[in-house]
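To start, the structure itself, in structure tokens.
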Amino acid sequence: ALAMSEERFRNLVDKSRDALALVDTAGNISWMSTAITHILGWEPEDLVGTSAFSLVHPEDLVDGLVRAATAFELGTPQDPMTLRLAKPTGEFAPVEIAVASLRDSVGQVESAVVSLRDVSWRVHAEEALLRSERRFRALVQHSIDAVLVIDAAASIQYASPAIEHVWGRPTADLVGSSGTEYIHPNDREGLMASLAHVFVTPGSSGRTEARGLDADGRWRWLEIEATNLLADDAVNGIVIHVRDVTERREAERDNKRLIDIFEATNDLVGISDRQGEPVYLNASARRFFGLGERGPIEGFNLGECFPPSVLELFSSEIRPRLEREGMWSGELSVARFDGELVPVLGQLLVHRDSEHNRVLISGVLHDIRKRKEFESALAHQATHDPLTGLPNRSLLLDRLDVALARAKRHRLRVAVLFLDLDHFKVVNDSLGHDLGDRLLEMIAQRLLTALRPGDTVARFGGDEFVVLCQDMHTRSDAFAIADRVIASVSGPFVVDEAEVFIGASVGVAFPDDPDADPGTLIRDADAAMYRAKERGRGRWEIFDNELRVSAVDRLDIENALRRALDRRELRVYFQPIVDLERGGIGAVEALLRWEHGERGLLLPGEFINVAEATGLIVPIGMWVLDQACRQVQRWQASIPDLSGLVVSVNLSGRQLGHPRLVEDVRAVLSDTGLAPERLELEITESVLMDDVAMSAEMLGRLNALGVRIAVDDFGTGYSSMSYLRRFPVDVLKVDREFVNGLGTDASDSAIVTAIITLAHALGLSAVAEGVETTAQLDELRSLGCDKAQGFLIARPASGDDISELLSMPPVW
């Protein structure tokens, strides 16, 4: 029976997965069951006779010794403990150990039974659970989303640290509260209503958004998601995730605003995917392409709305630019739903993902029809006369340049006709500018009917027109056109029930030189036109060698005059003006002379017209003004009692119309120090009457400077009496033509008397020019003329020569 019992015990021990060992009081192993091989990999005989403590991990050794000592001392079984025991491989395995002491017959502990159980699976599971819990806690603790756990009464039982960033309070302060005080008052009722079903339905979830107060006192949008886990023993609460979605809401708001802008704009706005299929078209684009306001756009082929030229441009320029630079802008044409091609200004932009792959293409097309129409109108205005609608000077020169080049290639004839209306100024001044403008419009229409198809008539300026004749076989063709032009203008015109007769003088020029310049050809025709006027008007003349010689001479004068200032060839002479009451010199008139290197001393009549035509009169005139003022200052410094001497300087029409005239006169007075009242500016009557409004405005500004104004050659013009009171004039100068007949021609005496009387009646001074005899001087005194000048008194002379006269006592 004993043997059987022992056999049964051994079978039980050998089949058990737990190992048993006998350990003596010294800690040595005296017996070990076979299960130790399964647990640690040792054979039982390898361990018998060894110290049980040699298997224990050094870090667990103290606990093992304490547990063994306690078991031997108390002699009662101890609670199991887990120690790490060594394997033959040097590794350690977790083993649960229970120790029970064995006593002898007298109750002394003689050994202990040690039970060893493999608990590696349990330790690994616990470690995995611990890692999982740590991972979960790390995720919760460091998540930007806040996590709350509340009970059925909506009281917070747990709050993750992220909630501090939302509400700005430690989590400990929130536990036990509801947290609703941090929700915007306007959102609390909606929040509770949205999540009410979650609180009463286990396992349900709900989501809503509300505004929450952040740590800085600002309201931020929160996404709140609640899940009812009250039935889950591990949670036993309602889990709430709180996420700050302010940026998303703001982005959605901005996106909505952008969409609203897109929908409100009249521009065509569209977005397509990477294949070019449209994914969005704004309202304007839908209307433009004839799509429904809100209907689907799938299948709409945007490429069919562009003409072939644009599609070719897309392949050759737009797509490469988009791939290279990500954007393109320029002008396109796009077809509206009714087929009309509309010019647009396009802006295309590529949108890429984080890997730089193209995902979308957006485009904005701005209708530029009005701009194109405006540009076309501007282009027409830039090349056409606004009054008559005829080509202007600029377009004429372009067409003439093309015609000359074409004539040279194909050996064709070209002619230019320069037309100037005869006596148009009389009509304009007598009937008014409005009627004159309507007359010009009528003349333009008649000229068009007198020309051949292909010929061009242009308004060159004022009452001047130029006709370009092309593809002529002989010169006679041009003469025939000139005859028709003159005839068309010569007939009566009815304007505002008034019958107006007018004529035209025409100059004809042919390009003898194959490389003729358009400007030269027009200038030649202009010169021929002036000869036509000189020979009786209402006729045409040809530019010939005689005129060419005159033109060459004029060109020589022009070229030399351009260098005259730099070469110091210009001179200022002075002619005294005598005060007839006291007999002394009260003023001097500055007169220009040119010391030409080859022709000697030239008078103004030989070059002043060239200076006026070329605009050189403006810088030359300012130089004369400056020299005259400086000379008066030099005389005053060297000659006593000259404080009242006035210097008179002539102004040409080109100078009077120059925009900087007043500023230039002011600068000369400032630089020379001459008092403004000692400067007198002379303007001829004809210049004043050329543009009455401009003359009145400019003389008013000069008068405001304090300078004196004199009207030269008074009485030689027409219709001037009615305008005289509009000008701030100080002096009327009687033309030498009337002074010459004093004492011999009763008509001249009457005219001079009338001018002097008119001047005094208006409070002006009267100055007689061209006094050459004593009889003339005596009669002027008897008529009450204030001042006189002429060869009888002194010829124009240099400043040094005039100094002697200024030093003399009054002798006239």
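What is the stretch 12-61's relative contact order, in percent, from Cα pairs under 8 angstrom and six or more apart in sequence?
Relative contact order, the stretch 12-61: 30 percent.
Put +1 on the Cβ of every Lys and Arg and -1 on every Asp and Glu Cβ in the chain; which of Asn428, Pro58, Leu792 then has its Cα farthest towards the positive end of the dipole?
Asn428
May I ask for the net charge around Leu580, where only other residues with Cβ less than 15 Å from the Cβ of Leu580 are counted and Lys, Arg are +1 while Asp, Glu are -1?
In short, -2.
Of all accessible surface on the chain at a 1.4 Å probe, what whole percent is carbon and sulfur?
It is 52 percent, rounded to a whole number.
Please give the charge dipole size of the stretch 576-712, origin at the Cα centre, charges +1 on K and R Cβ atoms and -1 on D and E Cβ atoms. Round to the nearest 20 debye.
My answer is approximately 360 debye.
What accessible area per residue comes out for the chain, rounded to a whole number of Å², with a 1.4 Å probe?
Per-residue value: 53 Å².
Find the all-direction average of the projected area of the Cα convex hull for the stretch 1-74, expressing the result in square nanometres with one decimal place.
Across all orientations, the stretch 1-74 yields a mean hull projection of 6.0 nm².
Can you pull out the GluC sites (Glu not before Pro) in the stretch 339-445 whose DSSP state is coil and whose Cβ has at most 14 other Cβ atoms within 10 Å? Present the calculation step by step, with values, prior to reporting the outcome.
Values: sites: Glu340, Glu355, Glu373, Glu375, Glu441; in loops: Glu340, Glu355.
In loop regions of the stretch 339-445 (DSSP not H, G, I, E or B), the sparsely surrounded GluC sites (Glu not before Pro) are Glu340, Glu355.
Picking from Gly212, Ser284, Ile183, whose Cα lies most toward the positive end of the charge dipole for the stretch 177-293 (charges on Cβ: Lys, Arg +1; Asp, Glu -1)?
Ser284
Let me know the number of lysine pairs in the chain closer than 28 Å at the Cα, not counting same-chain pairs under 8 apart. The partial results should precede the final answer.
On the way: Lys15/Lys87; Lys425/Lys533; Lys425/Lys733; Lys733/Lys787.
Lysine pair count for the chain: 4.
How many angstrom lie between the C-alpha centres of the stretch 436-469 and the stretch 486-555?
After rounding, the separation between the Cα centres reads 13 Å.
I want the local charge near Phe493. Using Cβ-Cβ distances under 12 Å, sum +1 for each Lys or Arg and -1 for each Asp or Glu among the other residues. Walk me through the intermediate numbers first.
Working: positive: Arg438, Arg446; negative: Glu441, Asp496, Glu497, Glu499.
Residues close to Phe493 contribute a combined charge of -2.
With point charges of +1 on the Cβ of Lys and Arg and -1 on the Cβ of Asp and Glu, referenced to the Cα centre of the chain, which listed residue (Gly586, Phe479, Val402) lies farthest in the positive direction of the dipole?
Phe479
Run the helix sum for the chain: -39,500 (n - 2.57) per DSSP H stretch of 4+ residues, divided by residue count, reported at 222 nm to the nearest 500 deg cm²/dmol.
Estimated from H runs of four or more residues: -13000 deg cm²/dmol.
Tell me, what is the FRET efficiency for Glu772 and Asp556 to the nearest 0.05, using R0 = 25 angstrom and their Cβ-Cβ distance as r? Present the calculation step by step, with values, prior to reporting the outcome.
Numbers: r = 34 Å, r/R0 = 1.34.
Between Glu772 and Asp556 the formula returns 0.15.
Within the stretch 574-674, report the trypsin sites (Lys or Arg not before Pro) that DSSP leaves as loop and that have at most 13 other Cβ atoms within 10 Å.
Passing sites in the stretch 574-674 are Arg582, Arg599, Arg660.
With each label point set 7 Å from Cα along the Cα-Cβ vector, what nm distance links Leu412 and Ala498?
4.2 nm
Tell me which label goes with the value of Cα Rg over 2.2 N^0.38 Å computed from the coordinates here: (i) 1.62; (ii) 0.97; (iii) 2.06.
Answer label, from the structure shown: (iii).
For the chain, what proportion of DSSP beta bridges, expressed in % and rounded to the nearest 5, is antiparallel?
80 percent
Could I have the simple spin-label model distance between Arg393 and Glu7, label points 7 Å from Cα toward Cβ, reported in nm to one decimal?
Placing both labels 7 Å beyond Cα along the Cβ direction yields 14.3 nm.
Could you work out the relative contact order of the chain, using alpha carbon pairs under 8 angstrom and six or more residues apart, expressed as a whole percent?
Values: 1372 pairs, mean separation 40.0, N = 812.
Relative contact order for the chain comes out at 5 percent.
Report the charge-dipole magnitude of the chain in Debye, nearest 20, computed about the Cα centre from +1 at each Lys and Arg Cβ and -1 at each Asp and Glu Cβ. Don't skip to the answer; put the middle values down first.
On the way: 85 positive and 127 negative charges, 174 e Å.
Computed about the Cα centre, the dipole is about 840 debye.
Extending each Cα 7 Å along its Cβ direction at Arg218 and Met192, get the distance between those two points in nm, one decimal.
2.9 nm
So, counting K/R as plus one and D/E as minus one, what does the shell of residues with Cβ under 13 Å around Leu311 add up to?
-2
Please go through the stretch 184-225 and write out the GluC sites (Glu not before Pro) that DSSP classes as loop and that have at most 12 other C-beta atoms within 10 Å.
Of the GluC sites (Glu not before Pro), not one in the loops of the stretch 184-225 has a Cβ with at most 12 other Cβ atoms within 10 Å.
Can you give the relative contact order of the stretch 293-415 as a percent, counting alpha carbon pairs under 8 Å and 6+ residues apart?
Details: 116 pairs, mean separation 15.8, N = 123.
13 percent.
The values are calculated or read from the model by the stated rules, or taken from the named source; none is laboratory data. All figures in this text were calculated on a predicted structure; none of them were measured in a lab. Backbone-built Cβ (ideal geometry, glycine too); neighbour counts: all protein chains shown. The accessibility values were calculated without ligands, DNA or RNA, using every heavy atom of the protein model including side chains. Shrake-Rupley method; radii C 1.70, N 1.55, O 1.52, S 1.80 Å.
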